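The values are calculated or read from the model by the stated rules, or taken from the named source; none is laboratory data. Note that the coordinates shown come from a computational prediction; the quantities given were computed from them, not determined experimentally. So basically every Cβ, Gly included, is an ideal-geometry build from the backbone, and we count neighbours across all protein chains shown.
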Amino acid sequence: MSSNLDKIDKRILYRMAQDARNITASEIAEEMKVSPGTIRNRIKELERKGVIKGYHANIDYELVEKRLTNLFKSSSSVHNRELLADKALQVPGVINVRQIMTGEMDLHIKAVVEGTEDITRISKELTDLGIEIEDEDLIQGESFGPYHQFGPKDEKEKPFISFRKISDNVETADLTVDETAPAAGKSLKQINAQGLLDKDSLIATIEREDEAITPRGDTNIQPGDIVTILSTKGIKKETLQAFKEQD
């Protein structure tokens, strides 16, 4: 099943494909001008949907006692390809099975071997499963990288607004306050008095340098704050404009 991803989801996938071990939610949040909590929630949702299937180490097995990586190319019938792929992954030494949609050699099975005896053993075990080996290759190396379409563009990116539907009537938006925004430097009391926030909306949370601030009447909104606006009748464009850069 296909998942519709927005700009935040795609950037999460891009950065995690680059370096999932070291990238932090705070770093992605700063880049996308949303809160770290938003990024953490998005990652959990991507995991739940199966878009992020897991996290794996990229291991160079040749540096581990000079082991080799062998690729078995095989044929299978369409109706049992997935079952055979699952069984092949249980063969000792097999570390990856790729199902190919087109062509005769529709199963590519990658295995780590110590030598020719290992290759012969794995080949026999795969054949016993009903997998017909058509060809073999020794893999010298592999390189991985993120999908560039999900990454930052060359031009300066505009701050992104993250919308979320809580229920049929309740909606939230996370956005970063721009330096020249009408609401910047004003207290919530002043913002309401000047009509910058419509009567059906309120500021639910404020995040400032990873510190969560409970909004009160005398709380000042500062440039760079990440505010969460909550509305019971849909967030209006005019309300968003109060926190965005003015030409």
When residues of segment 173-189 are limited to those that are among the polar types (S, T, N, Q) and either surrounded by fewer than 18 Cβ atoms within 10 Å (Cβ to Cβ) or in the same structural domain as Ser35 (by TED's automatic domain parsing) (or both), the one nearest to Ile8 (Cα to Cα): Thr180
Among residues of segment 1-15 being touching a residue at least 60 places away in the same chain (Cβ under 8 Å) and hydrophobic (A, V, I, L, M, F, W, C), the residue nearest to Lys53 (Cα to Cα) is Leu13
How many residues of segment 221-239 are surrounded by fewer than 16 Cβ atoms within 10 Å (Cβ to Cβ) and not in a loop (DSSP other than H, G, I, E, B)? The answer is 2
Would you point out which residue out of Lys199, Lys244 is assigned to a loop (DSSP other than H, G, I, E, B) and buried (at least 17 other Cβ atoms within 10 Å of the Cβ)? Lys244
Do we have Tyr61 as touching a residue at least 24 places away in the same chain (Cβ under 8 Å) and surrounded by 10 or more Cβ atoms within 10 Å (Cβ to Cβ) here? yes
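Going through Val112, Val34, Val51, Val97 one at a time, which residue ends up being free of Cβ contacts under 8 Å to residues at least 40 places away in the same chain, aliphatic (A, V, I, L, M), touching a helix residue (DSSP H, G or I) at 6+ places or on another chain (Cβ under 9 Å) and outside any helix (DSSP H, G or I)?
Val97
Take the residues in segment 58-79 that are assigned to a helix (DSSP H, G or I) and within 31 Å of the chain's Cα centre (by Cα), then tell me which one is modelled with the lowest pLDDT.
Val78
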In segment 109-124, the residues that are of a type outside the set (Lys, Arg), surrounded by fewer than 18 Cβ atoms within 10 Å (Cβ to Cβ) and touching a strand residue (DSSP E or B) at 6+ places or on another chain (Cβ under 9 Å): Glu114, Gly115, Asp118
Based on what the data block shows, is Ala29 in a helix (DSSP H, G or I), crowded, with 17+ Cβ neighbours inside 10 Å and small (Gly, Ala, Ser)? yes
How about segment 1-15: which of its residues are crowded, with 18+ Cβ neighbours inside 10 Å and either among the charged types (D, E, K, R) or modelled with pLDDT of 90 or more (or both)? Asp9, Arg11, Ile12, Leu13, Tyr14, Arg15
Just one of (1) among the hydrophobic types (A, V, I, L, M, F, W, C); (2) buried (at least 18 other Cβ atoms within 10 Å of the Cβ); (3) more than 31 Å from the chain's Cα centre (by Cα) trips up Leu129, so point out which. (2)
